[in-house]
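Trainee: I have a structure I would like to understand better, so I am pasting it below and will then ask my questions one at a time.
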Amino acid sequence: MGKVQKSTIDKKLLGKIRGLIEGARNSVSRHIDRTICNTYFLIGRYIVEDEQHGQERAGYADEVLKYLGKELTKQFGRGFSARNLANMKKFYLTYQTRFTDSILQTLSAKSINVVENESDTLILQNNSAKSLKDTENELINPIWQNNSAKFNNPFPLSWSHYLILCRIDNPDERSFYEIEAINSNWKLKELERQFNSSLYERLVLSRDKKKVKDLSEKGQILQVPADAIKNPLVLEFLGLKEESEYSESDLEKAIIDKLEHFLLEMGKGFLFAGRQVRISFEEEHFYLDLVLYNRLLKSFVLIDLKIGKLRHQDLGQMQMYVNYYDRHVKTEEENNTIGIVICKDKKDAVVEMTLPENNRQIFASKYQLYLPSKEEIRKLVTEKEK
């Protein structure tokens, strides 16, 4: 009996210590990321200021970066090449307003007034004047950064994340990916994949102008079933080839084998509930290819896979499945069931004429097995906006 108790105590103690160590490692990692981003941002700022006051001759900026890269690499090693310094400069130019906003928040919290002098340099006024440059150290000061009750961390992602974000010219699109990376805790590979699959543009295609603006300010918010729909779904991770022959069961098996990837592509809040789920009535049996659940919408999501062209019969069959779940499976606390027919070829006219005008539950989404061309997707967005 004593041994059992001791074993239980040991496991509890081990769990506590593991949690403490993992938390400390995560905290250190986040602190390192913040310090790197904030430091590189200020380096970029110094470079830009030097160029603005530098010699007006061709090649001056390039010469400065080469000189700095050579000298800094001698002293600090890799990471400070002319190319990386150019990335730091771009980082500052992309997010320069965020620095001012963050500093102003800091000063406001400290009850320090901010004014502008004749040279447009921000001056801090307390009992004695203090220049903005004196405050820069606080941007990379661990005490400042860890005091989350007072100050806002301007760059919550890693430097590698911001290198990708800086390549995005559209500020609304850039803001969307940053918000989603933060809220969904995207690793670097996931951010790259979502950007390369044109997630922002695909969501834009299914939203009105107001909700498109919300994407850049809030990220993807699920309030109604239509918010969960992407068109097209990009399933390049399945490893199936466009030109090869495969059956609907092959497609289903490939999805199950890459279920985590599939749920990420479906979007926020999706959980796997079953495959080939049987429903029966009047001595007939029907099988749902996939059943998911969305915890944000509090709805079952039924998926039927079609490798060919969408037919009106497919939508009718999905309506039957949805009706069954609404009447016999979902609870009173849950919202109406959502049905999605994922097909290879979708004609909007078929969907429009088959489903009622007030439809809020049945959807069709096209899938493709390759990453879409940015130009192709942006062309569709432009046509939608006309």
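Trainee: Within the set of other residues whose C-beta is less than 13 Å from the C-beta of LEU165, count the net charge using Lys and Arg as +1 and Asp and Glu as -1.
Mentor: Here the charged neighbours net out to -2.
Trainee: I've got another one for you. Evaluate the relative contact order of segment 171-221 (contact order divided by residue number), counting alpha-carbon pairs under 8 angstrom at least 6 apart; express in whole percent.
Mentor: It rounds to 59 percent for segment 171-221.
Trainee: Modelled label-to-label distance, SER373 and ASP10, 7 Å Cα→beta-carbon offset: nm?
Mentor: Placing both labels 7 Å beyond Cα along the Cβ direction yields 6.4 nm.
Trainee: Assuming R0 = 45 Å, what is the FRET efficiency of LYS330 and ARG83, from their Cβ-Cβ distance, to the nearest 0.05?
Mentor: E between LYS330 and ARG83, to the nearest 0.05, is 0.20.
Trainee: Please find the FRET efficiency linking GLN75 to ILE17, where r is the Cβ-Cβ separation and R0 is fixed at 45 Å, and quote it to the nearest 0.05.
Mentor: 0.70
Trainee: By how many nm would the segment from MET320 to GLU242 grow when fully extended, if each residue of separation counts as 0.36 nm and the alpha-carbon distance is taken off? Could the numbers behind the result be given before it?
Mentor: Working: separation 78, 0.36 × 78 = 28.08 nm, distance 3.06 nm.
Taking 0.36 nm per residue and subtracting the Cα distance, the gain is 25.0 nm.
Trainee: Within the set LYS218/LYS298; LYS211/LYS241; LYS298/LYS344, which residue pairs have Cα atoms separated by over 31 Å? Don't skip to the end; give the middle numbers.
Mentor: Numbers: LYS218/LYS298 20 Å; LYS211/LYS241 34 Å; LYS298/LYS344 28 Å.
Checking Cα-Cα distances, LYS211/LYS241 exceed 31 Å.
Trainee: Okay, next question. Filter the trypsin sites (Lys or Arg not before Pro) in segment 184-272 to those in DSSP coil with at most 16 other Cβ atoms within 10 Å of their Cβ, and list the result.
Mentor: Passing sites in segment 184-272 are LYS187, LYS241, LYS258.
Trainee: Taking loop as defined by DSSP and a crowding limit of 15 other beta carbons within 10 Å, which GluC sites (Glu not before Pro) in segment 203-308 fit?
Mentor: GLU242, GLU243, GLU245, GLU282, GLU283
Trainee: Past the 20 Å Cα-Cα mark, which pairs from LYS187/LYS306; LYS306/LYS374; LYS306/LYS384; LYS346/LYS384; LYS230/LYS347?
Mentor: Among LYS187/LYS306; LYS306/LYS374; LYS306/LYS384; LYS346/LYS384; LYS230/LYS347, the Cα-Cα distance tops 20 Å for LYS187/LYS306; LYS306/LYS374; LYS306/LYS384.
Trainee: OK, next. Want the number for ASP208 to ASN26: 0.36 nm per residue separation, take away the alpha-carbon distance, what's left? Mind showing how you got there, number by number?
Mentor: Working: separation 182, 0.36 × 182 = 65.52 nm, distance 3.90 nm.
Contour length minus Cα-Cα distance gives 61.6 nm.
Trainee: Which chymotrypsin sites (Phe, Trp or Tyr not before Pro) in segment 322-386 sit in a loop by DSSP (not H, G, I, E or B) and have at most 16 other Cβ atoms within 10 Å of their own Cβ? Display every interim value, and only then the final one.
Mentor: Numbers: sites: TYR324, TYR325, PHE363, TYR367, TYR370; in loops: TYR370.
For chymotrypsin sites (Phe, Trp or Tyr not before Pro) across segment 322-386 that sit outside H, G, I, E and B with at most 16 neighbouring Cβ atoms in 10 Å, the list reads TYR370.
Every number here is computed from the coordinates shown, using simple stated rules; none is lab data. Only a predicted model underlies this, so the values are computations on that prediction, with no experimental measurement involved. Heads up, the Cβs are rebuilt from the backbone with ideal geometry, glycines too, and the neighbour counts pull from every protein chain shown.
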